[in-house]
Amino acid sequence: MANSILTGHRLIGKWYNGLGNGQYIRFQFTDVGAYAYSSPFKSIQGIFDIEDNQLTLTPSDGEAESYTFEFECIGTGSFSEYLTLRSNATHLETSYHRDPTDPNQFCK
């Protein structure tokens, strides 16, 4: 069951989405409000802000982008926590799961 949350602490950590052929899109969010994004096409760093279930990403050299985010927990273990970002501009959804090397798992 997907749950919107009122605070952003569960966002902290490393998230990734497999593209196939060993390629990934990765996000890393830290508790100092910074994020890093990397893909086969580009890498970006910036700051993030959270209000309720709205996530705003502001890259260091570009325009801010706004997303609605939700968590979904399935089972237990490293792959149990999923993050879905829905672009508020395009309404496209992209799902990520927490990197199994990230020690900060929240699903029990």
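Which of the residues spanning segment 61-73 are under 16 Å from ASN17 (Cβ atoms) and either exposed (fewer than 12 other Cβ atoms within 10 Å of the Cβ) or touching a Phe, Trp or Tyr at 6+ places or on another chain (Cβ under 6 Å) (or both)?
Hit for segment 61-73 is GLU72, nothing else.
Looking at segment 29-71, which of its residues are of a type in the set (D, E, K, R), part of a strand (DSSP E or B) and farther than 23 Å from ASP102 by Cα?
GLU51, GLU65, listed by residue number.
Restricting attention to segment 29-55, and to residues there that are exposed (fewer than 14 other Cβ atoms within 10 Å of the Cβ) and hydrophobic (A, V, I, L, M, F, W, C), which single residue is modelled with the highest pLDDT?
Ranking the qualifying residues of segment 29-55, first place goes to ALA34.
If a residue has to be more than 20 Å from ILE74 (Cα to Cα), modelled with pLDDT of 85 or more and in a loop (DSSP other than H, G, I, E, B) to count, how many in segment 1-28 make the cut?
Residues in segment 1-28 being more than 20 Å from ILE74 (Cα to Cα), modelled with pLDDT of 85 or more and in a loop (DSSP other than H, G, I, E, B): 1 in total.
So, in segment 49-61, of the ones that are in contact (Cβ under 8 Å) with a residue 24 or more places away in the chain and in contact with a strand residue (DSSP E or B) (Cβ under 8 Å, 6 or more places away or on another chain), which residue ends up farthest from ASN88 (Cα to Cα)?
Top of the filtered list is ILE50.
Kindly indicate which of THR101, THR76, THR90, THR58 is at pLDDT 90 or above and out of contact with any Phe, Trp or Tyr (no Cβ under 9 Å at 6 or more places or on another chain).
Being at pLDDT 90 or above and out of contact with any Phe, Trp or Tyr (no Cβ under 9 Å at 6 or more places or on another chain) holds for just one of THR101, THR76, THR90, THR58, which is THR90.
The values are calculated or read from the model by the stated rules, or taken from the named source; none is laboratory data. Since we're looking at a predicted model, the values are computed, not measured. Methodologically, a virtual Cβ is constructed for each residue, glycine included, from the backbone with ideal geometry; neighbour enumeration extends over all protein chains shown.
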